Amino acid sequence: MDDQIAVLGPQSAALTAPELTIVVPTFNERDNIRPLLDLIAKALDGDNYEVVFVDDDSRDGTLPELQAVARTDPKVRYIHRIGRRGLSSAVVEGMLSSSAPYLAVIDADLQHDETLLPDMLAVLRGGEADIVVGSRYVEGGGMGEWAASRQLISRTATRIAKLIIRAELTDPMSGFFMLTREAFAGSMRNLSGQGYKILLDIFASHPDTLRLRELPYEFRTRQHGESKLDALVTWEYLMLVADKLFGRFVPVRFLMFLIVGGIGVFVHFGVLSLLLKGMGADFQLSTIAATVTAMTFNFFVNNLLTYRDRRLRGVWAIVKGLVSFYIVYSLGAVANVGVATALFERDYVWWGAGLAGVLVGTVWNYAATSLFTWKQKK
Ligand code: GDD
Ligand code: MN
């Protein structure tokens, strides 16, 4: 590449399409944009690259900042997404917008070591690997000042990852890597795109075992802004693993809905026995209270976990959601009783009729709440 630039001159080199696209997902990272670009420019001095920011409608001034740099620096582009959130899907969209033969991802917050980029590029140019991953766990890498609890989560998640990938990744949680366009193209149609573990998704979604190289780096401490990943990212991660494991057979969301419903049954009987036995209340009244409590429990847990990506927030949205949830469940109960009774009257065995009723009611509840309570945003 250096020879080529020498022959063509720097101007002509700048006119050719970039060899490397660096995708940077951002959400409220205003103060990190320029420092990151400076560091990348220093690291990749003389290379033909571009930086594509993918921002999910930040409100902290990241967008005006991106616009300002994109107007003056031809190496910089950005994609502005509205009404959507998600690290993985942002990265995928950035990559899809590129025509470069090599694609990289790096966090905006300067926690990844950009001086690794030239080495990553060299490995891919040499054809020795399809993907180069920055790892905190190979000799020479490190976790920086991460809290012990997050280190533990990260290590556990690494073990679980072995369930869905064959490659010997020491740091499957890494959000810092570079791959060839062919490798990405092999995965892109099968990606789950959920959550934040894009690297794992790429590996698990590729029909072949990708040739991997890992390079060590030390995870740095965030200087500006704050981390977007809360405790529940672990949950999203487990959903991704489950999707890759059983998604072909049953939608993971439906499984989740069933599990929450199962726990709801325990809540129901807990409340029932408390009121009936503990407080000597009337049976019908206790059953009504137990039903409402269990439904409310189901609503909030599903809102938090099953429909995390379409989570209802704010008092008004929650009240509306809760009301539609009650209505759907009431209709589900009617369907349940109707089906069970009809079958029982046609001489089906009592538990078979009961089970069929529960099944019909549950499928209705799932389908109808996903349509009405947790509507997909347009
Ligand atoms: N577009 C977009 N949309 N970007 C996002 C979103 C989102 O919903 N959520 C986070 N980001 C961006 C942040 O702005 C940042 O540039 C990057 O994604 C990483 O987010 P952080 O909030 O800084 O994540 P972290 O430091 O906790 O996690 C890091 O460690 C993980 C290793 O376990 C990241 O490097 C992850 O990529 C990595 O997987
Ligand atoms: Mn970070």
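Ordering 203, 152, 232 by the projection of their Cα atoms onto the charge dipole of region 114-234, which places +1 on the Cβ of Lys and Arg and -1 on the Cβ of Asp and Glu, puts 232 at the extreme positive end. A cut-off of 5 Å between modelled amide H atoms, ignoring neighbours fewer than 5 places along the same chain, links residue 212 with 130. Computed with the Debye formula from one identical point scatterer per Cα of the chain, without solvent, the log10 of I(q)/I(0) at q = 0.08, 0.10, 0.13 Å⁻¹ comes to -0.53, -0.75, -1.07. Using Cα atoms only, what is the angle between the long axis of helix 315-345 and the major principal axis of the chain, expressed in degrees (0 to 90) to the nearest 10? Around 50 degrees separate the two axes. Helix 2-15 and the longest principal axis of the C-alpha atoms of the chain enclose an angle of approximately 60°. Carbon-plus-sulfur accessible fraction, region 133-250 (probe radius 1.4 Å, protein heavy atoms only): 54%.
By DSSP, the beta bridges lying fully in the chain are antiparallel in about 25 percent of cases.
What does the charge count around residue 69 come to, taking other residues whose C-beta lies under 15 Å from its C-beta (Lys +1, Arg +1, Asp -1, Glu -1)? Can you show the working numbers first?
Numbers: positive: 30, 34, 71, 75, 77; negative: 29, 31, 38, 50, 55, 65, 73.
Summing Lys and Arg as +1 and Asp and Glu as -1 gives -2.
Sparse packing (at most 16 other Cβ atoms within 10 Å of the Cβ) combined with a DSSP loop state is found for the following GluC sites (Glu not before Pro) in region 151-257: 168, 226. Relative contact order of region 134-202: 33 percent, from C-alpha pairs under 8 Å at least 6 residues apart in sequence. Surface exposure of the chain, expressed per residue as accessible area with a 1.4 Å probe, stands at 52 Å². Along its three principal directions, the equivalent ellipsoid of region 252-373 from the Cα gyration tensor extends over semi-axes of 25, 21, 12 Å, largest first. Shown for the chain: lysine pairs separated by 8 or more places, or found on different chains, whose C-alpha atoms are under 19 Å apart, numbering 8.
For region 18-88, the share of accessible area belonging to carbon and sulfur comes to 50 percent (1.4 Å probe, ligands and nucleic acids excluded). Can you give me the P(r) profile for region 49-138? Cα pairs, bins 10 angstrom wide beginning at 0, each as a whole percent. That works out to 14, 43, 33, 10, 0, in percent per bin.
For region 252-373, the fraction of 1.4 Å probe accessible surface lying on carbon and sulfur atoms is 77 percent. Solvent-accessible area of residue 308, all protein chains in place: 30 Å² (probe radius 1.4 Å, heavy atoms, ligands and nucleic acids excluded).
Determine the order of 149, 192, 88 by accessible area, beginning with the largest, at a probe radius of 1.4 Å.
Numbers: 149 75, 192 30, 88 0 Å².
Heavy-atom accessible area, descending, gives 149, 192, 88.
Modelled label positions at residue 288 and residue 34, each set 7 Å beyond Cα in the direction of Cβ, lie 6.5 nm from each other.
Spatially, region 73-97 and region 163-220 are offset by 18 Å when compared through their Cα centroids. Using every pair of distinct Cα positions in region 2-225, the Kirkwood expression returns a hydrodynamic radius of 17.9 angstrom.
Taking region 195-209 and a reference point 7 angstrom along Cα→Cβ of residue 123, the backbone N atoms nearer than 18 Å belong to 198-204, 209.
Taking Cα centre as origin and charging only the Cβ of basic (Lys, Arg, +1) and acidic (Asp, Glu, -1) residues, the dipole magnitude of region 2-225 rounds to 800 debye. Rounded to the nearest 20 debye, the dipole magnitude of region 93-230 is 380 debye, with +1 charges on Lys and Arg beta carbons, -1 on Asp and Glu beta carbons, and the Cα centre as origin. Spatially, region 44-63 and region 228-300 are offset by 41 Å when compared through their Cα centroids.
The values are calculated or read from the model by the stated rules, or taken from the named source; none is laboratory data. Note that this is a predicted model, so its numbers are computed, not measured. Reconstructed Cβ throughout: ideal geometry from the backbone, glycine too, with neighbour counts over all protein chains shown. In case anyone asks, the SASA skips ligands and DNA or RNA and just uses the protein heavy atoms, side chains included. Shrake-Rupley method; radii C 1.70, N 1.55, O 1.52, S 1.80 Å.
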